[in-house]
Protein chains: 4
Amino acid sequence: MTETTRPDPGDPEGAIAAAAKRCSNWGRWGADDVLGTLNFLDEAKRRAGAACVRRGVSFSLAQTFDANGPQKGWRRRTNPVHTMLDTGADAERGTQGFPHGLGGADDVVFMPLQASTQWDGLGHIFDHGAAWNGRRAGDVVTSEGDRVTGIETAAAHITGRGVLLDVGRAIGDGGELPDGYAITTADLEATIAAQGSPVGRGDLLCVRTGRLARARREGWGDYAGGDSPGLSFTTADWLHGTEIAGIATDTWGFEVRPNEFDVAFQPLHQVCIPHIGLFIGEMWDFDALAADCAADGVWEFFLSAAPLPVTGAVGAPVNPLAVK
Amino acid sequence: MTETTRPDPGDPEGAIAAAAKRCSNWGRWGADDVLGTLNFLDEAKRRAGAACVRRGVSFSLAQTFDANGPQKGWRRRTNPVHTMLDTGADAERGTQGFPHGLGGADDVVFMPLQASTQWDGLGHIFDHGAAWNGRRAGDVVTSEGDRVTGIETAAAHITGRGVLLDVGRAIGDGGELPDGYAITTADLEATIAAQGSPVGRGDLLCVRTGRLARARREGWGDYAGGDSPGLSFTTADWLHGTEIAGIATDTWGFEVRPNEFDVAFQPLHQVCIPHIGLFIGEMWDFDALAADCAADGVWEFFLSAAPLPVTGAVGAPVNPLAVK
Amino acid sequence: MTETTRPDPGDPEGAIAAAAKRCSNWGRWGADDVLGTLNFLDEAKRRAGAACVRRGVSFSLAQTFDANGPQKGWRRRTNPVHTMLDTGADAERGTQGFPHGLGGADDVVFMPLQASTQWDGLGHIFDHGAAWNGRRAGDVVTSEGDRVTGIETAAAHITGRGVLLDVGRAIGDGGELPDGYAITTADLEATIAAQGSPVGRGDLLCVRTGRLARARREGWGDYAGGDSPGLSFTTADWLHGTEIAGIATDTWGFEVRPNEFDVAFQPLHQVCIPHIGLFIGEMWDFDALAADCAADGVWEFFLSAAPLPVTGAVGAPVNPLAVK
Amino acid sequence: MTETTRPDPGDPEGAIAAAAKRCSNWGRWGADDVLGTLNFLDEAKRRAGAACVRRGVSFSLAQTFDANGPQKGWRRRTNPVHTMLDTGADAERGTQGFPHGLGGADDVVFMPLQASTQWDGLGHIFDHGAAWNGRRAGDVVTSEGDRVTGIETAAAHITGRGVLLDVGRAIGDGGELPDGYAITTADLEATIAAQGSPVGRGDLLCVRTGRLARARREGWGDYAGGDSPGLSFTTADWLHGTEIAGIATDTWGFEVRPNEFDVAFQPLHQVCIPHIGLFIGEMWDFDALAADCAADGVWEFFLSAAPLPVTGAVGAPVNPLAVK
């Protein structure tokens, strides 16, 4: 697999069109397909994933979901607001009206589906009005939600062999890549080589940049939407060619920010989601898992990362569990 | 393990107090414990769970999360409301303002945390103002949420060996128990014996009554809050004695409705959550899994059921994955 | 003003097109107009309204906004869900962390903007893809909201002379019209004549059918969306010709249900909002005001009914105040 | 009426207790009272208000309600999030499923009730666990809302004579008071004298500081919760003695920030709401009205400011209309 040549920074539209053409999976799994790269994740891969459970230790790869998150309201993305319908204070005070000493607490949440740890669905991004598999965007996602590739269609599938690529540790300074660092295919392959766990068809990749560790230490700042390390646009062919089932990062936006064109917004998304049909996870927390992997030298695990099946969602929160 | 004698239907308060005393786990894992019966789910059990992955087939045990659910607004529990922040229709029409042909869809949800498939947290139910481990309810759950046993404390733990007890199939008529049927300890043990998979310390039990299958066929009706089959109050000692890590049902409320006392509301919850520290799942969907288990005769699986870690939540949605 | 002939029940599309042509106000106030019939409500009319304040008694014409409302989730319209961010129970218990004995309560609401008493905005209804004043619907209302005629554009305008037409009392049995009763132009004029208060240019009309009184007595039932008395499709020309500024009813949907065509959904809306530019209020509560008007024989009042200026809203809640 | 002596900055608790004792209205309108100072607003005052309508011009005193507001998430107060249930883009595209060319748009909002222009209800603030009229805070406001003095109890009352006190213009530099400026009784009386409109029993006071004008010019910054001009703690006796029905400002928090004690949080609220029973409005927009009043020299008007009657709310949004 060769690295894509770095494209003309003044021509994002041309570069995107060329990459889309090279990497397109349209029609690969039939006209009705709603799974995209999850088609690569088969039963054998799940057995391989389960075989990675050697010690029985589990890690949640989710950030918390609360009002103290990184969102600042861009395009109405607030942090989750969690409120109580009933509380222990009321229960203890005896104002709830239940019999025989029963008391209860109950709650509700309002949250953008991509406010915290999440999977992008295949209806999240379009290229010139085209959605995954060549459908028209307006036929797929209306104000009623994604009527074709809603995240619920992926609900049962996302469990298999996970591999952590700790690029921050392998290449970065103090375990962290700086903002604006574009992770190249060479970086990914160097990390794989250094860690010793192969990556291939149907795997779920977890790419740690260290960006979250820095936000945790220094405060959110512009974690949500600002500068960040991330995947280079030039990795599109590698992401397509490896036939991975999905990929997640510890950053807000998966790809490097600022983007690598003069005027651009998330160009790698524009290739990966509508053309490759790739499942992309964002805002995952790999830090505890990474420490464990560095300690025992084992970078693979069983990953269960089923998104909350909100019907018609174009992205969904998830609490991914890695078991080693 | 002996079955609890059916108590005096006129004295729920006495029966609850007696069962609470017999089954209390207060202090068992120290004064600071926030995990309750999840303490039973250890690394060996996770290895045993992973060993259940023989074919690599996965099942989501979640109902969908949408406006067509069973909630009717009782105590402000509505169905989830999912709305779009951006749509494909707008993207295709070109009104979004992104460069180089990029279009996007994004969304938001408002939902009671127990509107659909969920885990009850340990802060969900109190007994006479006491929460799990003997804490005062008002110290634990305020209008800021559960400050001690919020569901995020369980986030990394709930993955291990799952066992489906299809009581509906073993005992019911046409695979379904009727409303008001109280599942007894004898029923549970008969189902275990019939299926051949032992149940023990640290397991995650999935009890299928068939109630959801009926709702799916006949319409929701009073699925959320009305009459239902479910666990008998008399199973409290068995639930305590087996040292299971958690238990989930395909019903709204886990225990039989109407409750088995003249005037009562969820008395088994009042023993299980604050006194046993038991994790209870509700509104799970076992039907596809059950069909598969009946077909291959294997009722155990690797279960990953990590709740969405909404900070301070007293219950949380989950998309449980069973892998066989 | 003549009554429109009752149209062919098998041809709603033809009837709507004909009425739209007869009643169109497109271009009447220029190409940039966002106010529609509010243009009729001028300063003289506000002075006339203020002159109606004779006793100084005020009435709220709003229903309450809470979980006990009539909504059943049709097209995701739930009842308002009001939750607390801080409570008095917590304040009294001293867990809030404020200094010198201060305690506070705070709250949040999630609600469809047309869940209870509201004004329809001019972006609420379209005819064959056309919005008020001939704009294209997709240029006006995207997933970002109504970018042209958002309800905030009407915020300062809706105060003037109100007139209650108690058609339920004038024509109905026991003060209430039955479901399916189509209020005709003749009914409106008979009520005006019986009450003795003229109706004209710039007035805000309040049409009481008695439907809410029945719901209050018998339970909501299908108040929201079901059968109801309401304006006949044939009143379109009268609504246009009187040059009223707005009209509100005590029903969910303003016009009679079932609609007067074989297959139809709110055909009068389709004429009134995009073509006449008429402001329509729904789910108002006229009962206390009506009793007062019947008692003193005065049916006019100063009405202040400014919608909550949610930016870009296509409808908005309002607490209308009538002062006599 | 004499100005309160500036209290010891090191003793907020003592100062609050003393002011509360001097200004208490507990029991003044009976044990069951829920209206507080709205009792001062009688029918004669409403007639006097209506008599202020001389030209028929109306002003909305509301800020907009949208995602671009000043809230930053403090205590979970976000800006309003408005989303669409149906859009014009979908209507124009023909995907909605309505008959005969009908299209519709519909929407929903999630918002803290005090996110923008609002009235504080009498259940908003407590003093050492006591609510208005001496009730226990936990008896009044539970997680179900304010069960006694919910804002709906005020719904029909808040309309009468309004007077704008443009303290920013009368005393400030360029029409604006600086942050931290504590408006004294002398300042209020000087403004009244300069403007020439008397203030008395039952009036609704609108105090303009110019803080909003500065935020509009410079950006929100810390408008919500940060430093601000506002009423001095020492005005408590004046607010009590004038027997006004309510008072609103163009600031987030009504009183001066930083507060005038070494360690304090909103001490004037702690006197005004639970002890005086005073209705306080915040985040109102007086700028257009103030310009008009300065131009014609008339500072009084008819004010209709009925809060949205969200059942049990401790504060509520409002679109106040001033008609001159």
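The values are calculated or read from the model by the stated rules, or taken from the named source; none is laboratory data. Here the structure is a predicted model, which means the values were calculated and not measured. Note that we place each Cβ from the backbone using ideal geometry, even for glycine, and neighbour counts take in every protein chain shown. Calculation scope for accessible area: heavy atoms of the full protein, side chains included, ligands and nucleic acids excluded. Shrake-Rupley method; radii C 1.70, N 1.55, O 1.52, S 1.80 Å.
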Over what distance in Å are the Cα centres of segment A:280-324 and segment C:258-298 separated?
54 Å
Output wanted: per-residue J couplings in Hz (rounded whole) for segment A:308-319, from phi through Karplus 6.51 cos²θ - 1.76 cosθ + 1.60, θ = phi - 60°, x for Gly and Pro.
5, x, 6, 4, x, 6, 9, x, 7, x, 8, 10
Residue A:85 long-range amide H proximity, modeled H, under 5 Å
A:106, A:107, A:108
Backbone HN-Hα couplings from phi across segment B:151-167 [Karplus 6.51/-1.76/1.60, Hz, Gly and Pro as x]:
4, 5, 5, 9, 3, 8, 9, 8, 8, x, 7, x, 10, 8, 9, 8, 5
Could you sort B:284, A:26, A:299 by their accessible area in this structure, using a 1.4 Å probe and putting the largest first?
A:26, A:299, B:284
Which value, in Å² rounded to 10, gives the accessible area of residue A:311 with a 1.4 Å probe and all protein chains present?
50 Å²
Of the accessible area of the protein assembly as shown, with the probe set at 1.4 angstrom, what percent is carbon plus sulfur?
50 percent
Just report the Cα centroid separation between segment B:169-224 and segment C:84-127, whole Å.
41 Å
At a probe size of 1.4 Å, how large is the accessible area of residue C:217, to the nearest 10 Å²?
150 Å²
Need one word for segment C:257-324: rounded, prolate or oblate. Basis is the Cα gyration tensor (sqrt eigenvalues a ≥ b ≥ c); a/c below 1.5 gives rounded, then a/b vs b/c decides.
oblate
Going by a ≥ b ≥ c, the root eigenvalues of the Cα gyration tensor, does segment A:92-226 fall in the rounded group (a/c under 1.5), the prolate group (a/b larger than b/c) or the oblate group?
oblate
Between helix C:12-23 and chain C, what is the angle of the helix's C-alpha long axis to the longest principal axis, kept within 0 to 90° and rounded to the nearest 10?
90 degrees
If you add up the charges near residue A:42, with Lys and Arg at +1 and Asp and Glu at -1, over every other residue whose beta carbon is less than 13 angstrom from its beta carbon, what do you get?
+3
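Nearest 5 percent is fine: what portion of the DSSP beta bridges confined to chain D is antiparallel?
About 65 percent, rounded to the nearest 5.
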Over 18 Å between C-alpha atoms is what I'm after, so list which of B:72/C:72; C:324/D:45; C:21/C:45; A:45/B:45; D:21/D:45; C:45/D:45 land there.
C:21/C:45; A:45/B:45; D:21/D:45; C:45/D:45
On protein heavy atoms with a 1.4 Å probe, the accessible surface that disappears when D meets C, both sides summed and given to 100 Å², is 7300 Å²
Note, segment B:80-90: 3J(HN,Hα) by Karplus (6.51, -1.76, 1.60, θ = phi - 60°), whole Hz, Gly/Pro = x, goes x, 10, 10, 10, 9, 8, 8, 10, x, 4, 5
Just how large is the dipole of the protein assembly as shown about the Cα centre, in debye to the nearest 20, putting +1 at every Lys and Arg Cβ and -1 at every Asp and Glu Cβ?
0 debye
Report, as an integer, the average count of C-beta atoms from other chains found within 10 Å of each Cβ along D:155-167.
3
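What ranking of B:157, B:128 comes out by heavy-atom accessible area, probe 1.4 Å, highest first? Spell out each step's value before the answer.
Values: B:157 60, B:128 110 Å².
Per-residue accessible area, sorted high to low, gives B:128, B:157.
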Sorted by chain and number, the residues with a modelled amide H under 5 Å from that of residue D:165, at a separation of 5 or more or across chains, are D:206, D:207, D:208
Rounded to the nearest 0.05, what FRET efficiency do residue D:75 and residue B:8 give with R0 = 60 Å and r taken as the Cβ-Cβ distance? Could you check?
0.80
Bridge type composition, the protein assembly as shown - antiparallel percent by DSSP, nearest 5:
70 percent
